[in-house]
Amino acid sequence: MNRLVSIFAAIVMISTSHGVFAGDPAAGQTKAQSCVACHGADGNSTNSGFPSLAGQVPGYIEGQLAAFKSGKRANAIMMGMAQPLSPEDMADIDAWYASQTITPRSISEAQVEIATQGEAIYRGGLASLSVPACMACHGPAGHGIPSNFPRVAGQWPEYLEAQLLAFKSGERAGKIMGPIAHRLTNDQINALAIYMAALQ
Ligand code: HEC
Ligand code: HEC
């Protein structure tokens, strides 16, 4: 009984860990002016070095901004950008990007074959290495699950690859993604990044 109660309490805590402030997208658009140069006016970034934020699952951007501010997620640029933001600013900015639409990405003929290798892992995992199917958390179409499992569809493949390599090396801390990425080869990571980016 006690165990059930504590499991229930944990679920309530997880589901309420975001959204102390109900984000206001219009206020968020104004507060995101300093982000436009890198992440695009509507959250569709035009530079593969900067992730797109449009259409991200509600709650994820807020959580990542808090992680950059606390230093839990280390990145020199983003730690500086997140520093002046209050929890309310983060919720507003989150609501703004969540309300935007990500532009779908297509891949070249030559990349289709590589993507097929990624597809097998994304949809079925790697049983021999206990790698779970990515779609269990990121969704069958890569749309993510609010609030902690990010959208990957439409993202820059270069960014997805860089993040998986960072999880693998431990440069980006990740209780869930660290052990998963650690079991993937760099070729598998490349194939997964191309496949995920092109999910519609
Ligand atoms: C000078 C360029 C630059 C500016 C300006 C900038 N960012 Fe970023 N942002 C980056 C880079 C580079 C990354 C990737 C960081 C990494 O590799 O961990 C990033 C990552 C992020 C992420 C993580 C995305 C994900 O999918 O995990 C969020 C959220 C984010 N930025 C929000 C913002 C917001 C909000 C602002 C404005 C207040 C902003 N950024 C301004 C360059 C920038
Ligand atoms: C059990 C759930 C779970 C599974 C399974 C899972 N992920 Fe994740 N993934 C997460 C979480 C949670 C995060 C956000 C990590 C954080 O907050 O730092 C994430 C983040 C990511 C990111 C970074 C996205 C961004 O915008 O920064 C990539 C890329 C990714 N996962 C790829 C994969 C791939 C590829 C697989 C399968 C091999 C996979 N994930 C399997 C939960 C999962």
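Read-outs: derived from the displayed coordinates by stated rules, not from any lab. Please read these numbers as outputs of a predicted model, since none were measured by experiment. All Cβ positions, glycine included, derive from the backbone under ideal geometry; neighbour counts span all protein chains shown.
Overview of results
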| read-out | value |
| --- | --- |
| Dimensionless Rg/Rh of the chain - Kirkwood Rh, Rg from C-alpha atoms | 0.98 |
| Charge sum, other residues only, whose C-beta stays under 14 Å from Ala115's C-beta, Lys/Arg counted +1 and Asp/Glu -1 | -3 |
| Residue exposure sequence - Glu119, Glu158 - by fewest surrounding Cβ within 10 Å | Glu158, Glu119 |
| Anisotropy class of region 109-198 from Cα gyration tensor, a/c 1.5 cut | rounded |
| Column: log10 I(q)/I(0), Debye, Cα scatterers of region 18-98, q = 0.16 Å⁻¹ | -0.51 |
| Ascending count of other beta-carbon atoms within 10 Å, so fewest first, for Ser130, Ser48 | Ser130, Ser48 |
| Neighbourhood net charge (12 Å Cβ-Cβ; Lys/Arg +1, Asp/Glu -1) for Asp92 | -4 |
| All-pairs alpha carbon distance profile, region 25-67, 5 Å steps from 0, percent | 6, 22, 28, 33, 10, 1 |
